[in-house]
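The values are calculated or read from the model by the stated rules, or taken from the named source; none is laboratory data. Because the structure is a prediction, the values reported are computed rather than measured. Quick reminder, even Gly has a Cβ in these numbers, built from the backbone with ideal geometry, and neighbours come from all protein chains shown.
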Amino acid sequence: MQSAVEQVRSSTQLPDLRPDDVELMYMVCAFETAWQRRRQRASVWCSFFDVASLRALEFAKDLEYYWNDGYGYELTHRIACPAIADMFAAIDPDEYQPQAQAMPRANATFYFTHSGTLLKLLAHLGLAKDEEALTHKHFGSERLWRTSEIDAFATNLAFLRYECEQEPPRVLVLHQERVVRLPGCPQNEDLCPLATLRRLYAHSVESCDFEALCQANDV
């Protein structure tokens, strides 16, 4: 990170730039790149960075999200359990909402949320999980937790219930409109039995006390 700061100080000829200033420039570069992509016009802010600095800053943001919204601490992604419970209530209402049996099931249920919530949910599901906890030592190595790929603009996650004749219901999971196979589900086919999902995430539904999880311990 320090090398990136020094490089930007040199390219801008502003020796007093702080790390926070460089991070802000990087974020403006990223947002303007997304906004102006169709115009094929590069953001002027990106011109102050070389490739090595961009990679360092990208990794720094990945580290931040990993520990704030991902696998860094178990509690961080455990608090996504209400979303899991709501998902089951939507795709399996007869099991999780007995009072809804007399009501027609909705064809679709949509939730809209922020980046941090979706990252917590991805971690709760076990997606994009590296073998080791992400630290500064992993800079330059391949990693699954890359927020520019798993948490880009308009990131989405979908659970589609399939009901086939003479077969129990199964679920297709999509992330960024691409099929993903959840850990614990069959890895040789795209559809996961709904019963398997119930078993895998039973604790998320049955022991989801959000208020207790978020309550700070008395010191």
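A few points about this structure:
- Condition met for residue 180 (of a type in the set (A, V, I, L, M, F, W, C) and under 17 Å from residue 90 (Cα atoms)): no
- Qualifying position, being over 16 Å from residue 84 (Cα atoms) and either loosely packed, with under 14 Cβ neighbours inside 10 Å or in contact with a helix residue (DSSP H, G or I) (Cβ under 6 Å, 6 or more places away or on another chain) (or both), among 202, 212: 212
- When region 148-172 is filtered for residues that are in contact with a Phe, Trp or Tyr (Cβ under 8 Å, 6 or more places away or on another chain) and in contact (Cβ under 8 Å) with a residue 24 or more places away in the chain, the ones remaining, listed by number, are 151, 169, 170, 171.
- Within region 165-187, if we keep just the residues that are assigned to a loop (DSSP other than H, G, I, E, B) and among the charged types (D, E, K, R), the residue that is surrounded by the fewest Cβ atoms within 10 Å (Cβ to Cβ) turns out to be 165.
- Residues in region 86-112 that are part of a helix (DSSP H, G or I) and either under 25 Å from the mean Cα position of the chain (by Cα) or at pLDDT 85 or above (or both): 86, 87, 88, 89, 90, 91.
- Selection within region 148-164 - among the aliphatic types (A, V, I, L, M) and surrounded by 11 or more Cβ atoms within 10 Å (Cβ to Cβ): 150, 152, 157, 158, 160
- Check on residue 35, in contact with a Cys (Cβ under 8 Å, 6 or more places away or on another chain), over 18 Å from residue 121 (Cα atoms) and not acidic (Asp, Glu): no
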